[in-house]
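Quick notes on the structure that follows.
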Amino acid sequence: MTMAQTTAPATGSPSPAPPASRKDGRTSERPPAVQLLARPEVGVFLGALAVYVFFFAAAPTVRDGSAMATVLYQSSTIGIMALPVALLMIGGEFDLSAGVAVITSALTAAMLSYQLTMNVWVGVIAALLVSLAVGFLNGWLVVRTGLPSFLITLGTFLILQGVNLAVTKLVTGNVATDDISTMDGFDQAKKIFASSFDVGGVQVKITIVWWLVFATLATWVLLRTTYGNWIFAAGGNKESARAVGVPVAFTKISLFMLVGFGAWFVGMHQLFSFNTVQSGEGVGQELIYISAAVIGGCLLTGGAGSAIGPVFGAFMFGMVNQGIVYAGWNPDWFKAFLGVMLLGAVLINQWVQRTATRR
């Protein structure tokens, strides 16, 4: 007789431990050095460093302190405008009128002050209001119409270009404004916008200080304030940003007005540096400002970027601009050489980011 025996499983025995999960390249934490390389500012820093080293070797004059002060001055006049342009691009928009808006602000201040024989500060304040109004109009039209900011600001660019020339000829009978250097308030305004100070026997322009101050402030706003979060959110996905309570319309309009403020500041610097303004200037500068921001790591699609990257991008422009002069090369090659250097910086930036994010 065969008896079937059944063995009940032991209910108290522990279940086997699951195998340890393996981390892949997407989930494993990258070393701090690799994370640093992934930041967009690093690529443009390496590009700026390469440009500096190149001209340091090719143009011995660059090694002089006064020469570097000139390079930094050229960089600052670009960098002050590149900062608000970069913030606007992070917010997902463009402003093609930024270059001629600088001249509009300078012409407004010069002509109001001279033609009405008023203190230059009256013209300075009026120019600020005009610049902010142009920025507000650009932002309001973009928000209200839903049209691309490229088209809206292209129209503003053409309008301002024509108005600058036509109104200047109408008011002054010339293509340039009259000299305002003898007017009340000129010396005080010059100290703020266009003065110099001595550092170790080298004359340093005040715009370099303003440039660094504005860059520090912009970095703090982006990284430490709610408004900075709004900028990234509005540029990344405005519909999702609205859904979580971000005031997208306010953010975008204020960013356009911030570009207007930058145009006013640079315009005042030009006016009080040269005492007069040519009405046809500024055309093409908007591409320089946008390029400095893009080279600095700001995406064309918005939602990503920094304030430090455009600082290095502006330095590259200043270094190339003056480096060619110090090297004694034919300035006719400036644009071609600049394009090569900028393309090289973009490729370096791309290579660094791909290397840092490779699994």
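At a 10 angstrom cut-off on C-beta neighbours, averaged per residue, how do the peptides 86-94, 280-288, 122-130 rank from highest to lowest?
86-94, 122-130, 280-288
Residues of segment 76-98 with an amide N closer than 17 Å to a point placed 7 Å from the Cα of residue 154 along the Cα-to-Cβ direction: 93-98. Counting only protein chain heavy atoms and rolling a 1.4 Å probe, the accessible areas of 120, 134 rank, largest first, as 134, 120. Couplings 3J(HN,Hα) of segment 330-335, computed from phi: 5, x, 5, 8, 4, 4 Hz, in residue order, whole Hz [Karplus 6.51 cos²θ - 1.76 cosθ + 1.60, θ = phi - 60°; x for Gly and Pro]. Summarising the label geometry, the points placed 7 Å from Cα in the beta-carbon direction at residue 163 and residue 118 lie 1.7 nm from one another. Full extension of the segment from residue 213 to residue 335, taken as 0.36 nm per residue of separation minus the current Cα-Cα distance, would add 41.0 nm. Cα gyration tensor of segment 124-177, axes a ≥ b ≥ c as square roots of the eigenvalues: rounded (a/c below 1.5), prolate (a/b > b/c) or oblate? Taking the square roots of the gyration eigenvalues as a ≥ b ≥ c, segment 124-177 is oblate.
For residue 202, nonlocal amide neighbours, meaning residues 5 or more places apart or on other chains whose placed amide H falls under 5 Å from its own, do not occur.
The accessible area of residue 214, taken with all protein chains in place and a 1.4 Å probe, comes to roughly 40 Å².
Taking 0.36 nm per residue of separation and subtracting the Cα-Cα distance, what length does fully extending residue 66 through residue 125 add?
Numbers: separation 59, 0.36 × 59 = 21.24 nm, distance 3.33 nm.
Working it through step by step, the gained length comes to 17.9 nm.
Please say if segment 224-319 is rounded, prolate or oblate, where rounded means a/c under 1.5 for a ≥ b ≥ c the square roots of the C-alpha gyration tensor eigenvalues, and otherwise the choice is prolate for a/b larger than b/c and oblate otherwise? In terms of gyration-tensor shape, prolate.
Across the protein chains, with a 1.4 Å probe defining accessible surface, the residues 118, 268 rank 118, 268 from largest area downward.
Structural size metrics of segment 263-323, computed from C-alpha coordinates, are Rg and Dmax of 13.7, 40 Å. Overall form of segment 40-351: oblate. Here a/c, set by the Cα gyration tensor axes a ≥ b ≥ c, is 1.5 or more, and a/b is not larger than b/c.
Going by amide H atoms built from the backbone, whose H comes under 5 Å of the H on residue 195, apart from near neighbours? Under 5 Å from the amide H of residue 195 lie the amide H atoms of 206, each far enough along the sequence or on another chain.
Ligands, DNA and RNA excluded, the heavy atoms of residue 73 present near 40 Å² of accessible surface to a 1.4 Å solvent probe. In segment 122-257, the convex hull through the Cα atoms has an average projected area of 11.9 nm², a quarter of its surface area.
A probe of 1.4 angstrom, applied to the heavy atoms of all protein chains, finds residue 68 with accessible area near 40 square angstrom.
I'd like the FRET efficiency for residue 250 and residue 145, computed as 1/(1 + (r/R0)^6) with the beta carbon distance as r and R0 of 22 Å, rounded to 0.05.
0.85
Here residue 196 and residue 171 are evaluated by their C-beta separation; at R0 = 45 Å the FRET efficiency comes out at 0.90.
The values are calculated or read from the model by the stated rules, or taken from the named source; none is laboratory data. Everything quoted here is computed from the prediction, not taken from an experiment. Ideal geometry is used to build each Cβ from the backbone, glycine not excepted, and the neighbour counts take in all protein chains shown. Keep in mind that these areas ignore ligands, DNA and RNA; they rest on the heavy atoms of the full protein, side chains included. Shrake-Rupley method; radii C 1.70, N 1.55, O 1.52, S 1.80 Å.
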